[in-house]
Amino acid sequence: MAPEGNHEIVKLPPPPLPPRLVNLPLLVVIGTAVWLVAWVFLLATGGDRDWQWIAMAGWVLGFIGMPIMWWQRSASRRGSRGAQRGL
């Protein structure tokens, strides 16, 4: 028989991510570079046209996202009211 009573389940917060996974600028730069290398490789080898477009889109979006990320980080450091925290 199960014991009677009100038993609460305590949910612990997840452990923090390792610092290498939280270093957002490094991840964005590396990811953008990987998409660029993939795009150049696909162009040089005559790879699938769909994947050429996908790789180019990944590179372009990463390139566009870098200034936005740095802008958000600087706003957060300045203490801007609308900036995201913890970046």
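The values are calculated or read from the model by the stated rules, or taken from the named source; none is laboratory data. All values reported here derive from a predicted model rather than from experimental measurement. So basically every Cβ, Gly included, is an ideal-geometry build from the backbone, and we count neighbours across all protein chains shown.
Every condition in (1) within 14 Å of the chain's Cα centre (by Cα); (2) without any contact (Cβ under 8 Å) to a residue 40 or more places away in the chain holds for residue 75 except the one numbered (1). Filter segment 11-49 down to the residues that are within 15 Å of the chain's Cα centre (by Cα) and surrounded by fewer than 10 Cβ atoms within 10 Å (Cβ to Cβ), then identify the one that is modelled with the lowest pLDDT. By that ranking, first place goes to 20. The lone criterion from (1) modelled with pLDDT under 85; (2) in contact with a Leu (Cβ under 8 Å, 6 or more places away or on another chain) left unmet by residue 52 is number (1).
Of the candidates 20, 73, the single residue that is touching a Leu at 6+ places or on another chain (Cβ under 6 Å) and either outside any helix (DSSP H, G or I) or not aliphatic (A, V, I, L, M) (or both) is 73.
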